[in-house]
Structures are given as structure tokens and as C-alpha cells.
1. Using Cα positions and a limit of under 14 Å, work out the aspartates and glutamates in reach of K88, with same-chain residues fewer than 8 apart set aside.
2. Could you work out the local net charge near S138, counting Lys and Arg as +1, Asp and Glu as -1, over the other residues with Cβ closer than 12 Å to its Cβ?
3. Taking the Cβ of D116 as the centre, find all other residues whose Cβ is under 15 Å away and add up their charges (Lys, Arg: +1; Asp, Glu: -1).
4. Once the other residues with Cβ under 13 Å from the Cβ of V77 are scored (Lys, Arg +1; Asp, Glu -1), what is the net sum?
5. List the pairs from K29/K107; K36/K86; K46/K107 whose alpha-carbon separation is above 30 Å, in the order I gave them.
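What follows is calculated from the coordinates using simple rules that are stated; it is not laboratory data. Remember, predicted model here, so these are calculated numbers, not experimental data. Cβ coordinates were reconstructed from backbone atoms using ideal geometry, including for glycine residues, and neighbour counts include every protein chain displayed.
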Amino acid sequence: MISAMMALVLLAACQRGPNEIGSVNTEFKLLGPSHKIVIESYDDPKIDGITIFISESQKGGIKGALGLAEQTSDVSVAVRQTGPIKVKEAFANGEDALSERRSVLFKHLHITRFWDAAHRTLVYVAWTDRVLTGSPRSSISAVVAEPWASQAPDLSMMGPAASASPGTQPSF
């Protein structure tokens, strides 16, 4: 029994979820938690050395406390290189790096990842969808695949074009 509980604790510790960095209250609520902005970080599940930071609004009050409030589409993303970049698994442009529910049934927050091979840059966009209407609100962040200390980025999973030296700059 104790070993089964220990296994569950270890499994939970190994799963990559959000790391809540902190929050600020934006509106006091007499009943239930206040409205706030929450700052979280996530490790990109397919790319070592990339951390996704998001700030998102969270409604409080009774509905917020019960998990019934539809959260707004207000979200901001900043992505940074926090170690040597290693693409662990190939991905398609437009694939979600993470997604989370923003309402009980109909709304999701997406952090979608793109690879801009011409500029050797990872681009992330934060956006929300809804069953009938999505939101045009979005936020974007980009990280150039650069060496970390003396370790070159490992982009081999992205194909031969990704591993080549950057070419000439495009003309506009």
C-alpha cells in the first residue's frame, strides 16, 4: 500500500504541468476568490531548452471558485531559451505546444508552435477558440535557435534544412 502511494507521488512529480510563478489581484470579490492575473511557466514538451511563460486572467467570485466561470481571452505569451535547445520530436507547423480549458465546455487556450526554417526561429502564438466564435486576441513570441554556451542547438529532428547554416536574408 505504501509503495503504491509512493509510486503515485513520484508519477505526479514527473509529469510536466504548469509552474505557477505568481499572481496579482485585479478586482476584489466579497464572495469567492478575487479576479486575478496568473503567471505560469511550461517546458515545451517536444523541445528541451525552451520555456513558455504565460500570463492569463482568471475570474474569481462564486463561479470562479466552482470552476464554472468562462475565462476571458486575455492572455500573453513570452518564450525564452532557458538551456541548450534540443528538438526531441518532430512537429508540424501549427501544432499546439500546450492547450488548456478556459470554460466548462466550449473554450480552450492554445499555445501553438511554428518553425520558421528560413530564420532558424521557433514562433509561438497564444490564442483562444470557442465552439461557435473564437477570439481575434492573440499574443506572439519568437526564439532564435542559438547556441547555449558552447553547445549548438540540436535541430536534427526538423530535417536537413533546419540543421544547415542560415542563408541569406530574404528581400522585402
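1. D43, D44, D48, D154
2. Working: positive: R137; negative: D74, D129.
Neighbourhood net charge equals -1.
3. Numbers: positive: R113, R120; negative: E95, E146.
Residues near D116 contribute 0 overall.
4. On the way: positive: R80, R113, R137; negative: E40, D44, E56, D74, D96, E100.
Net of charged neighbours comes to -3.
5. Details: K29/K107 24 Å; K36/K86 35 Å; K46/K107 24 Å.
Violating the 30 Å limit, Cα to Cα: K36/K86.
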